[in-house]
Amino acid sequence: MSKAWELFRGIAGRLDRSAAAGQRDTKQQHPFWVIVQKEVADHVHSWRFNILLLLMMLTCIGSLYTAMMSIRDAVPADESLKSFLFLKLFTVSDGTLPAFITFIGFLGPLLGIGLGFDAINSERNKGTLSRVLSQPLHRDYVLNAKFVAALIVISVMFFALGFLVMGLGLLAIGIPPTPEEFWRMIVFLLLAICYVAFWLNLAILFSVRFRQPATSALASIAVWIFFSVFFSMIVKLIATATFPKEAVDAGSLLSHQQFVQYLLRLSPSQLFTEATTTMLTPSVRSLGPLTMEQIYGAIPSPLPLGQSLLLIWPHVTGLVAATMVCFGLSYVMFMRQEIRSR
Amino acid sequence: MKQPIIELTDLTKRYGEHTAVDGLTLTVNRGEIFGLLGPNGAGKSTTILMMLGLAEPTSGSVFVCGINSTRQPILVKRKVGYLPDDVGFYEDMTGLENLLYTARLNGLSRVQAEERAEKLLERVGLREAARKKAGTYSRGMRQRLGLADVLIKQPEVIILDEPTLGIDPEGVREFLQLIQALSRDEGITVLLSSHHLHQVQQICDRVGLFVGGRMLAEGDIHSLSRQLFSKEPVVIETQVSPASPALIDKLRQIDGVSRVEQDGEKLAVHCLKDVTAVISRTIVESDAALLHLTQKEYGLDEIYHRYFEGRGAS
C-alpha cells in the first residue's frame with residue numbers, strides 16, 4: 001500500500017512539478033520507481049500514446065452514442081426480469097457501430113502492442129541501455145519497470161474511459177447503476193487491463209528478441225491479426241473436417257462441440273470475449289453447450305455476480321497465465337543477453 | 001604508494017569456440033591513467049563488460065575496488081563510472097534531464113542531483129547547451145555529456161571505451177585534457193580503451209597492449225618499446241644528398257649499426273646502441289650534404305606496427 005502511494009506521488013510529481021515540491025525533492029527514491037516514473041512520463045508525452053488515446057476516446061464516445069440510440073429497444077418488456085439496463089450501455093448496438101466491448105476487444109491489442117513493441121530494442125539501438133545498466137541497479141529492474149509503467153498507463157486510461165462511459169450514461173439515461181452492475185463493470189475493466197497486459201507482454205517479448213523495432217512491431221501485429229481474423233477460420237476448417245459423419249448421437253455431437261470450443265479458447269481474444277460477455281450480460285448462464293436435462297428446471301433469471309465470476313474464472317486464469325508465460329520468456333531472454341553498446 | 005584498484009587474475013571469456021579474452025592478468029593502481037590499447041575485436045570491450053559485471057567471465061576473477069564484480073556488480077557499479085563507445089542519450093530529453101535521470105538512478109535526491117549536474121555541465125563546458133534536447137547535440141558534445149554522466153555518481157574509477165571515436169582533432173585534444181585534469185584533481189583512476197595510439201600516448205601513465213584476447217606487453221611507453229625492441233633499440237632517420245651506395249656501405253660498417261634501409265634520399269639506420277655522432281660524422285666526411293638527422297623514438301605506432309609485422313611473418 002505504501003509503495004502504491006509512493007508511486008502515485010511519484011507520478012503526480014513528474015506530471016506536475018510545481019505541486020507539492022519540498023520534502024519530495026530531498027528524498028531518495030528507489031531506482032525502480034525512478035525508471036517507472038520516467039517511463040510513465042515518456043508514454044504520456046509520446047505522440048504514439050496520445051494518438052491511441054484519441055482513438056480510444058473516439059470509439060468510446062461513438063459506441064456510447066449508438067448504445068444510447070438503441071437502448072430503448074433493449075429494455076425488456078417483462079419487468080419481472082432484472083434488466084441490468086445500465087450494463088447494456090457497454091453491450092448494445094444498433095449495427096452501425098460496434099458496441100464498447102467489441103471495440104475494446106479489437107483495439108486493446110493495438111494499445112498493448114503500441115506501448116510495448118519498442119520497449120527494449122529501441123533503448124538498445126539508441127545506446128541508452130548499456131548506460132542505464134552501468135548504473136547501480138539490477139538488470140531486471142529495467143524490464144519490470146517498463147512493464148509496470150505501461151500497465152499503470154493502461155489501467156489509468158481504462159478506468160478513466162470506463163468511468164467516463166458510466167458518467168455520460170448516467171447523465172443520458174438517468175438510471176443509476178445498482179451495486180452489482182457497478183462491480184460487474186469494475187471486473188470488466190480489470191479484465192480489459194489483463195487482456196491488454198497480455199498483448200503488452202507479447203510485444204515486450206518481441207522487443208527483447210528482435211533488434212529492430214519495426215520487426216517486433218510487425219511480429220506482434222502479425223500475431224494479433226492471426227488471432228483476430230484467421231484463427232476462427234482455421235478452427236472452423238478443423239471443425240468441419242472432424243465433424244462426426246456416422247452414427248450421429250448426442251454424445252459424439254456434444255464432445256465434438258466441446259473440442260471445437262477448446263480449440264477456440266486457445267485464442268486470447270476468444271477468452272476475453274467470452275469473459276466480458278459473461279460479465280456484462282448476466283443472463284449468460286453457461287459458456288458451453290447445455291443439454292436439455294441441464295436446462296430443465298432452471299429458473300430463467302440472470303446469474304448473480306459470484307456465479308458469473310465462477311464461470312469466467314478459468315478464462316481469467318488462462319489470460320493471466322499467457323501473460324506470465326510471455327513475461328517469463330522475455331525475462332529469461334533479457335537476463336541472458338549480453339548488453340553491448342549498440 | 002601504489003595501491004591496486006583494478007585486479008584481473010587469469011581472466012578468460014569464451015563465446016562457444018571463440019576465445020575473446022584469454023588468461024588476462026592485469027593490475028591498475030589507484031590514481032593512474034591506464035590505456036588499454038588494441039585493434040578492433042581484441043577483447044577490450046568484453047574485458048570492460050566483465051569489470052562491470054555486465055558479462056560473466058568463463059574463468060578467472062575480477063576485483064574492482066576490492067569487490068568481486070561478478071558476484072556483486074551493484075556495489076561495483078556504485079563506484080565505477082562507465083562510458084560506452086558511442087554513448088546514447090534519451091533524445092527527447094534535455095542534456096540536463098538526462099543527467100538528472102542518471103543521478104536519481106544512483107539514489108541522489110532531486111536537489112542534490114540538480115546541484116551536481118549543474119556543476120558538472122559547467123565543468124565539461126556544456127552550460128549553454130544544458131537545456132537543449134540531447135538529440136541536437138553533436139558527437140563531441142554527446143561525449144562530453146557522457147563524461148558528466150559518468151562523473152555524477154562521484155566514482156572512484158572511470159572506464160572509458162573508445163572515448164575519442166569520431167570526434168574532430170581539436171575536440172579530442174580538449175577531451176583528453178579534461179580527462180587528465182579530472183584524474184589529477186580528483187584522484188580518479190582512469191581506464192581508457194582505444195585503438196588510437198597517439199591519443200593514448202598523450203595522457204596515459206601506463207599502457208597495456210592487448211591483441212587477440214591477450215596482453216602482449218604492459219608498462220609506460222618507454223619500457224614498452226624496450227620490451228619489444230630489445231634487438232634494435234635505436235633507429236636514426238636521416239636525409240642525405242646524394243645518398244650514394246658508397247656512403248650506405250660506409251654506414252653499414254660502423255660498429256653498432258645492424259642494417260640500413262634506403263628510400264630515395266632518406267635513410268633509416270637501425271642500431272644496437274646510440275651512434276648518432278658517428279653516423280653524422282661519416283656522412284659529412286664523405287662529402288654528402290646532411291639535410292636532416294633525428295633519432296627516432298619508438299612511438300606506439302611502431303610498437304603496434306612491429307607487432308603485426310611479427311605476427312604476419314610467423
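What tally of residues in region A:204-254 results from selecting those that are of a type in the set (F, W, Y) and under 30 Å from A:E123 (Cα atoms)?
Number satisfying all stated conditions: 5.
Filter region B:40-55 for residues that are open to solvent by 40 Å² or more (accessible area, probe 1.4 Å) and either touching a residue at least 40 places away in the same chain (Cβ under 8 Å) or not assigned by TED's automatic domain parsing to the domain that holds B:T9 (or both) and give the result.
Once the filter is applied, which keeps residues that are open to solvent by 40 Å² or more (accessible area, probe 1.4 Å) and either touching a residue at least 40 places away in the same chain (Cβ under 8 Å) or not assigned by TED's automatic domain parsing to the domain that holds B:T9 (or both), region B:40-55 yields only B:N40.
Which numbered condition trips up A:P213, out of (1) surrounded by 19 or more Cβ atoms within 10 Å (Cβ to Cβ); (2) of a type outside the set (A, V, I, L, M); (3) touching an Asp or Glu at 6+ places or on another chain (Cβ under 8 Å)?
The number of the failed condition is (1).
State all residues of region A:251-271 that are part of a helix (DSSP H, G or I) and either open to solvent by 80 Å² or more (accessible area, probe 1.4 Å) or touching a Cys at 6+ places or on another chain (Cβ under 8 Å) (or both); if no residue qualifies, say none.
A:Q257, A:F259, A:Y262
Go through region A:205-220 and give me each residue that's among the β-branched types (V, I, T) and under 19 Å from A:E338 (Cβ atoms).
A:V208
For A:S130, state whether it is free of Cβ contacts under 8 Å to residues at least 40 places away in the same chain and either more than 30 Å from A:M333 (Cβ to Cβ) or small (G, A, S) (or both).
In short, no.
Tally the residues that are buried (at least 21 other Cβ atoms within 10 Å of the Cβ) and either more than 10 Å from chain B (Cβ to nearest Cβ) or not in a helix (DSSP H, G or I) (or both), restricting the search to region A:30-42.
Residues that pass the stated criteria total 3.
Based on what the data block shows, is B:D149 closer than 28 Å to B:P39 by Cβ and in contact with a strand residue (DSSP E or B) (Cβ under 7 Å, 6 or more places away or on another chain)?
No.
Filter region B:223-259 down to residues that are surrounded by 15 or more Cβ atoms within 10 Å (Cβ to Cβ), more than 30 Å from B:C204 (Cβ to Cβ) and aliphatic (A, V, I, L, M) and give me whichever is modelled with the lowest pLDDT.
Looking at the filtered set, the residue picked out is B:A243.
Is it true that B:L182 is aliphatic (A, V, I, L, M) and either touching a Gly at 6+ places or on another chain (Cβ under 6 Å) or modelled with pLDDT under 90 (or both)?
yes
Can you name the residue in region B:69-95 that is acidic (D, E) and under 23 Å from the mean Cα position of the chain (by Cα) and is also surrounded by the most Cβ atoms within 10 Å (Cβ to Cβ) among such residues?
Only one residue fits best here, namely B:D85.
Going residue by residue through region A:291-300, is there one that turns out to be modelled with pLDDT under 90 and either within 15 Å of the chain's Cα centre (by Cα) or open to solvent by less than 30 Å² (accessible area, probe 1.4 Å) (or both)?
No, that holds for no residue.
Restricting to region B:101-140, and then to whatever is of a type in the set (K, R) and within 13 Å of chain A (Cβ to nearest Cβ), can you tell me which residue is surrounded by the fewest Cβ atoms within 10 Å (Cβ to Cβ)?
Selected residue: B:R139.
Quick grid of which residues meet (1) under 18 Å from the mean Cα position of the chain (by Cα); (2) under 26 Å from B:R30 (Cβ atoms):
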| site | (1), (2) |
| --- | --- |
| B:K153 | no, yes |
| B:Q177 | yes, yes |
| B:L182 | yes, yes |
| B:D205 | yes, yes |
| B:A243 | no, no |
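Scan region B:260-300 residue by residue and report those that are aromatic (F, W, Y) and either open to solvent by 30 Å² or more (accessible area, probe 1.4 Å) or part of a strand (DSSP E or B) (or both).
none
The values are calculated or read from the model by the stated rules, or taken from the named source; none is laboratory data. Computed from a predicted structure; not experimentally measured. Cβ sites come from the backbone with ideal geometry, for glycine too, and all protein chains shown count toward neighbours. With ligands, DNA and RNA removed, areas are computed over all heavy atoms of the protein, side chains included. Shrake-Rupley method; radii C 1.70, N 1.55, O 1.52, S 1.80 Å.
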